[in-house]
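Peer 1: One structure, pasted below without further comment.
The values are calculated or read from the model by the stated rules, or taken from the named source; none is laboratory data. Note that the structure is predicted; figures quoted are calculated from it, not measured. Virtual Cβ from ideal backbone geometry, glycine too; neighbours counted across all protein chains shown.
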Amino acid sequence: MRTAEREKEEAFRYAQQVQSESNNLKKRINNLDVSYVAEYGTRVDTQMKEAENELKQAMELGDTTAAVAAQRKVTQLTLENERVGQAKLQQKRTQQAPQQEQQQYAQQPPQRPVSRKPDPKAEDWASKNDWFGNDEAMTFAAFGIHKKLVEEEGFDATSDDYYDELDHRIRDEFPQR
């Protein structure tokens with residue numbers, strides 16, 4: 001039991017570390033994305049001003065060929081400007097989604113840990129998999145897969161489908177065993 005408890009704590013720490021790394025990478029990607037869209041928007045604005053000046057000059061000179069070419073540039077840049085607007089709107093939605101999730105967590109009352117006996121199916125599964133608790137990599141992988149199945153994909157951890165999917169994914173991760 002102590003070994004299982006220690007492994008559970010180690011798996012929890014590992015999951016926290018992976019979650020932290022994931023959050024850091026998401027922040028970095030988001031910052032790069034914001035910078036890219038801002039730079040793209042600035043470039044489109046600058047090119048639009050240049051194209052408008054070219055159109056103005058062509059019209060003043062009566063050069064229809066140059067006016068047509070400048071009008072094409074203006075049209076193309078108008079489309080690109082619309083893409084910039086869509087990208088900024090998407091960024092705004094993406095930034096609002098985590099804030100809404102945080103508000104939902106804040107509204108939920110904290111739950112006290114409940115001491116309960118392990119699920120008989122879990123004990124049966126662990127007894128059939130002699131590597132569980134003995135092979136650190138596979139054990140941590142099982143905890144990670146469990147978390148994804150339950151928290152992200154909505155599996156019921158007491159169902160046969162859950163254990164079938166858990167076994168399937170572990171076989172995919174460790175085909176040599």
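Peer 1: Going through segment 37-59 one residue at a time, which ones are surrounded by 12 or more Cβ atoms within 10 Å (Cβ to Cβ) and either basic (Lys, Arg) or under 21 Å from ALA87 (Cβ atoms) (or both)?
Peer 2: Result: VAL37, ALA38, TYR40, GLY41, ARG43, VAL44, ASP45, GLN47, MET48, ALA51, LYS56.
Peer 1: Within the set of pairs 6 or more residues apart or between chains, which connect a residue that is in contact (Cβ under 8 Å) with a residue 60 or more places away in the chain inside segment 1-21 to a residue that is among the polar types (S, T, N, Q) with Cβ atoms less than 8 Å apart?
Peer 2: Close Cβ pairs satisfying both conditions: GLU7/THR139; ALA11/THR139.
Peer 1: Regarding ALA157, is this residue in contact with a Gly (Cβ under 9 Å, 6 or more places away or on another chain) and at pLDDT 80 or above?
Peer 2: no
Peer 1: Same structure, new question: Give segment 124-161 a look and list any residue that's in a loop (DSSP other than H, G, I, E, B) and either within 20 Å of ARG177 (Cα to Cα) or among the hydrophobic types (A, V, I, L, M, F, W, C) (or both), or say none.
Peer 2: Hits for segment 124-161 are ASN129, ASP130, TRP131, PHE132, GLY133, ASN134, ASP135, PHE155, ALA157.
Peer 1: Still on this model: Where the second residue is surrounded by fewer than 16 Cβ atoms within 10 Å (Cβ to Cβ) and hydrophobic (A, V, I, L, M, F, W, C) and the first is in contact (Cβ under 8 Å) with a residue 40 or more places away in the chain and part of a helix (DSSP H, G or I) and lies in segment 68-91, which pairs have Cβ atoms under 7 Å and are six or more apart or on separate chains?
Peer 2: Qualifying pairs under 7 Å: GLN91/VAL34.
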